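In what follows, a single structure is set out as structure tokens and then discussed.
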Amino acid sequence: MNEVTIPYSAKKQKNMALLFLLIGIAGLAIGYYIFFLETRVYLIGRVVSIFLILLGFGGFLKLILAPKKATDAAITFSKLGIQGNTTPVAKAAGLIEWSDIAEYQIDDRYIHIALKNPEKYAERMKSFFVRDTFMKGQKGALAISIAEVDATEGEIARYVYQFINESFQQKGWS
């Protein structure tokens, strides 16, 4: 097997859209309380409610009006490495070579990847904000989201294990 591509899941994107809608509604409820019912005025409460409204309804509209297509590659496994398109940092990093992975962990929402040489991948990132998030916020580690794909943790783990083994066998490593 030379390459496995895992596409986006329309069903999971709709579920995420509903979650964003709930966040927006919670923001509206908090905003209504803060702006119209509460007698004391706290600026932080107003800011948080406005943030939740914008985040919730913005995310909902994005996922309903312009979702990722089921034919788009979310995660690609190949003999060369892994490429994730589900988060801005992973997308900007591009193809992560198997030999550059120091360790990895898979949970129900992410593939967490610790890199041996994060500077190599930071140089590929054109956006300052993405590069800064990668180097300072994530400390040179990558997180590829699997929350938007149909594959299970077990399937993802099987692909990672399979392709890492194939890559090391080709190089004569064990």
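Which residue pairs have Cβ atoms closer than 9 Å, lie 6 or more positions apart in sequence or on different chains, and pair a first residue in segment 1-26 that is touching a residue at least 24 places away in the same chain (Cβ under 8 Å) with a second residue that is open to solvent by 50 Å² or more (accessible area, probe 1.4 Å) and hydroxyl-bearing (S, T, Y)? Hits for this filter: P7/T71; Y8/T71.
Residues of segment 139-162 that are over 12 Å from the mean Cα position of the chain (by Cα) and crowded, with 16+ Cβ neighbours inside 10 Å: G140, A141, A151, I156, Y159, V160. Using the structure shown, decide if S99 is open to solvent by less than 60 Å² (accessible area, probe 1.4 Å), among the polar types (S, T, N, Q) and in contact (Cβ under 8 Å) with a residue 40 or more places away in the chain. Spelling it out, S99 is indeed open to solvent by less than 60 Å² (accessible area, probe 1.4 Å), among the polar types (S, T, N, Q) and in contact (Cβ under 8 Å) with a residue 40 or more places away in the chain.
Give segment 106-128 a look and list any residue that's open to solvent by 60 Å² or more (accessible area, probe 1.4 Å), of a type outside the set (S, T, N, Q) and more than 28 Å from N15 (Cα to Cα), or say none. Result: K116, E119, K120, E123, R124, K126, F128. Of all residues in segment 55-85, those that are among the aliphatic types (A, V, I, L, M), in a loop (DSSP other than H, G, I, E, B) and touching a helix residue (DSSP H, G or I) at 6+ places or on another chain (Cβ under 6 Å) total 1. On the stretch given as segment 154-168, residues that are in contact with a strand residue (DSSP E or B) (Cβ under 6 Å, 6 or more places away or on another chain) and either part of a loop (DSSP other than H, G, I, E, B) or at pLDDT 90 or above (or both) total 3.
The residue of segment 38-55 that is farthest from T87 (Cα to Cα), among those that are open to solvent by 100 Å² or more (accessible area, probe 1.4 Å) and among the aliphatic types (A, V, I, L, M), is L43.
The values are calculated or read from the model by the stated rules, or taken from the named source; none is laboratory data. As the structure is a computational prediction, the values presented were derived from the model and not from experiment. Here the Cβ is made from the backbone with ideal geometry for all residues, glycine too, and neighbour counts use every protein chain on show. With ligands, DNA and RNA removed, areas are computed over all heavy atoms of the protein, side chains included. Shrake-Rupley method; radii C 1.70, N 1.55, O 1.52, S 1.80 Å.
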